[in-house]
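S.K.: Below is the structure I would like to discuss, written out as structure tokens.
The values are calculated or read from the model by the stated rules, or taken from the named source; none is laboratory data. Just so we're clear, the structure is a prediction, and the values are computed from it rather than from any experiment. Counting neighbours? That spans all protein chains shown, and the Cβs are built from the backbone with ideal geometry, glycine included.
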Ligand SMILES: [Zn+2]
């Protein structure tokens, strides 16, 4: 089969890889209908995160089950399924508490390489959610978005305790930030401030439910949020970048007693203890337990209540994955969908 492999910073090649097969009786093998490039893939693409030899890439996937192991009972060949970037048993104490990305048996999908034609999914019963039927083509991008970015934005909003009566600010205008806006709208936020300086992204944020756009960042961005909230800061602030600047922008934009939901993969962030102590903000986040939200998100997409697939503004054949990475790296594309 064909699959994307990162050889060195900036060097992605689509090449022949071994076809996946059932290894454990709890595995499934799926034929991918669509896959995509994640903002978090750019950390290694840019050389910020070290690459240890040629690495298969990709952790977002939807597709049709081809084969299941002997112990798999909840999905069967022919079903259209979605899973998240960590496989989880969905039965351990941590999973049952809703933190499937910290499952005691968790296995990363990234190492298996979902930017490919086929994928082995471990712990299939706990990991995969089947749609009611094979979806029409136009629903596939939105279902793919639920595999990571929509679920991650949703968790950011839940972690930030978004709800009716709340003023929400979103730091970051990548796919996760934009879908956090959509999640905040669905969760009933009163006012949603999107922080973005890119016009096409501002437009999508407004379409997804943002009521205000703030183009300033850093201290000026914080001042603007304070200005919009009577000097207090937002009730709920979602951090969807993962840098020192964005994290401090989120914390400082939150009112005392408010909540920060941080879902940008953290890189070299160090929080000043004294400022944190006196800020009185709640911090919660981490790798989103997308599996917790998948059934609900699939429903919203299936009923056409939401259209998170609009974050894909570039669609390419899998063989052109290298261009998909370049376009996102240069911010020419929000998110690239790859067709295997
Ligand atoms: Zn578990």
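S.K.: Identify the single condition in (1) surrounded by 15 or more Cβ atoms within 10 Å (Cβ to Cβ); (2) more than 19 Å from residue 46 (Cα to Cα) that residue 265 does not satisfy, given that it satisfies every other one.
M.R.: Tallying (1) surrounded by 15 or more Cβ atoms within 10 Å (Cβ to Cβ); (2) more than 19 Å from residue 46 (Cα to Cα), residue 265 fails exactly one: (2).
S.K.: Residues in region 170-183: is at least one buried (at least 24 other Cβ atoms within 10 Å of the Cβ), touching a helix residue (DSSP H, G or I) at 6+ places or on another chain (Cβ under 9 Å) and on the phi > 0 side of the Ramachandran plot?
M.R.: Yes, region 170-183 contains a residue that is buried (at least 24 other Cβ atoms within 10 Å of the Cβ), touching a helix residue (DSSP H, G or I) at 6+ places or on another chain (Cβ under 9 Å) and on the phi > 0 side of the Ramachandran plot.
S.K.: Wholly within region 146-260, which strands (runs of 3 or more DSSP E) include no fewer than the required count, namely at least 2 residues that are within 17 Å of the chain's Cα centre (by Cα)?
M.R.: 167-171, 234-239
S.K.: Right, residue 250: within 25 Å of residue 295 (Cα to Cα), modelled with pLDDT of 95 or more and touching a strand residue (DSSP E or B) at 6+ places or on another chain (Cβ under 7 Å) or not?
M.R.: When the stated conditions are applied, residue 250 does not pass them.
S.K.: Here's another thing I want to ask about it. Looking for whichever is closer than 23 Å to residue 332 by Cα and not in a strand (DSSP E or B) here; the options are 48, 23. Which one fits?
M.R.: 48
S.K.: Also, quick follow-up: Quick check: anything in region 132-142 touching a strand residue (DSSP E or B) at 6+ places or on another chain (Cβ under 9 Å), surrounded by 24 or more Cβ atoms within 10 Å (Cβ to Cβ) and at pLDDT 95 or above?
M.R.: There is no residue in region 132-142 that is touching a strand residue (DSSP E or B) at 6+ places or on another chain (Cβ under 9 Å), surrounded by 24 or more Cβ atoms within 10 Å (Cβ to Cβ) and at pLDDT 95 or above.
S.K.: Let me ask you something else. Considering region 27-72 alone, what residues qualify as being surrounded by fewer than 24 Cβ atoms within 10 Å (Cβ to Cβ) and within 23 Å of residue 135 (Cβ to Cβ)?
M.R.: 29, 31, 33, 34, 64, 65, 66, 67, 72
S.K.: Determine which single condition residue 90 fails, assuming it passes every other condition in (1) in a loop (DSSP other than H, G, I, E, B); (2) within 16 Å of the ligand (Cβ to nearest atom); (3) at negative phi.
M.R.: For residue 90, the exception is condition (3).
S.K.: Do we have residue 52 as within 28 Å of residue 309 (Cα to Cα), modelled with pLDDT under 95 and away from the ligand (no atom under 16 Å from the Cβ) here?
M.R.: Taking the combined requirement at face value, the residue does not satisfy it.
S.K.: What is the one condition in (1) out of contact with any helix residue (DSSP H, G or I) (no Cβ under 6 Å at 6 or more places or on another chain); (2) within 16 Å of the ligand (Cβ to nearest atom); (3) free of Cβ contacts under 8 Å to residues at least 60 places away in the same chain that residue 85 does not satisfy?
M.R.: Failing condition for residue 85: (3).
S.K.: I would also like to ask the following. Just need a number here: residues in region 93-121 that are in contact with a helix residue (DSSP H, G or I) (Cβ under 9 Å, 6 or more places away or on another chain), buried (at least 21 other Cβ atoms within 10 Å of the Cβ) and either at positive phi or free of Cβ contacts under 8 Å to residues at least 24 places away in the same chain (or both).
M.R.: 2
S.K.: So is residue 47 within 14 Å of the ligand (Cβ to nearest atom) and at positive phi or not?
M.R.: No: the conditions fail for residue 47.
S.K.: OK, next. State yes or no: is residue 264 assigned to a loop (DSSP other than H, G, I, E, B) and at positive phi?
M.R.: No, not satisfied.
S.K.: Going through region 109-128 one residue at a time, which ones are closer than 23 Å to residue 41 by Cβ, within 16 Å of the ligand (Cβ to nearest atom) and in contact with a strand residue (DSSP E or B) (Cβ under 6 Å, 6 or more places away or on another chain)?
M.R.: Matches in region 109-128: 121, 122, 123, 127, 128.
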